[in-house]
Amino acid sequence: MRVFLEREARLAIIFAAIEAAEERYGPKETLGLLFGYRTGDGVIVRFALPYQTAKRKTSGVEYPRKESRLLSLLPELPKAHMEHVGYFHSHPYDRKGREYPPSPTDSDKQSMRNGDLEIIISLKRKKKDVEAGVRRNETVSATAGPYYYKIAAYYKIEGRIEKAELDASLETVPRTDGNLNA
Ligand SMILES: [Zn+2]
């Protein structure tokens, strides 16, 4: 499956991830809803809405109980013909600044529902200038101020987790090495 992450959705995901990571009592994860369009062979993600009250537990994700009420507001969105296409969540650095990959943990895999997309963003503080604005192995990496992030997309089909071919519009693209679309 191909996933295209539009700029507005990408920025909303990055903002939510940074805000949760900078929590006073240690980095927290964020999660939220993804909206967009399903195409023949993929999904275009247009819009991301972070949840403010969701709790993450070691055993998985606890979505707000009011989720069905929130989804009932979907027709009120400016692009009413968008669909709820899945979820996103973050893997922040830990208290020691160690980064975690943007790949699903066992509990992430269990909480995913068939047909849903799950976008995972991992975040760390930049220690030095790093190569940014690249797509490699279907993972998008870029910088946002003092942060370096990686985004990957997964989906569940018949109980199996597959990695999607992720693409995004990026502001910074390094000098071409002729291999950016590999
Ligand atoms: Zn996770």
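Since every read-out is calculated from the coordinates, none of them should be taken as a lab result. These numbers come from a predicted model, not from an experiment. Note that each Cβ is placed from the backbone with ideal geometry, even for glycine, and that neighbours are counted across all protein chains shown.
Here are some notes:
- Amide H contacts under 5 Å for residue 144: 149, restricted to partners 5 or more places along the chain or on a different chain, H placed in the peptide plane at 1.01 Å from N.
- On full extension, the segment bounded by residue 96 and residue 160 gains 19.7 nm, given 0.36 nm per residue less the C-alpha separation.
- Treating r as the C-beta distance of residue 130 and residue 22 and R0 as 22 Å, the FRET efficiency rounds to 0.65.
- Alpha-carbon gyration tensor eigenvalues x 5, square-rooted, for segment 2-168, Å: 23, 19, 16
- Efficiency of FRET between residue 110 and residue 6 - r from beta-carbon atoms, R0 45 angstrom, step 0.05: 0.95
- Multiplying the residue separation of residue 52 and residue 67 by 0.36 nm and subtracting their alpha-carbon distance yields 4.2 nm.
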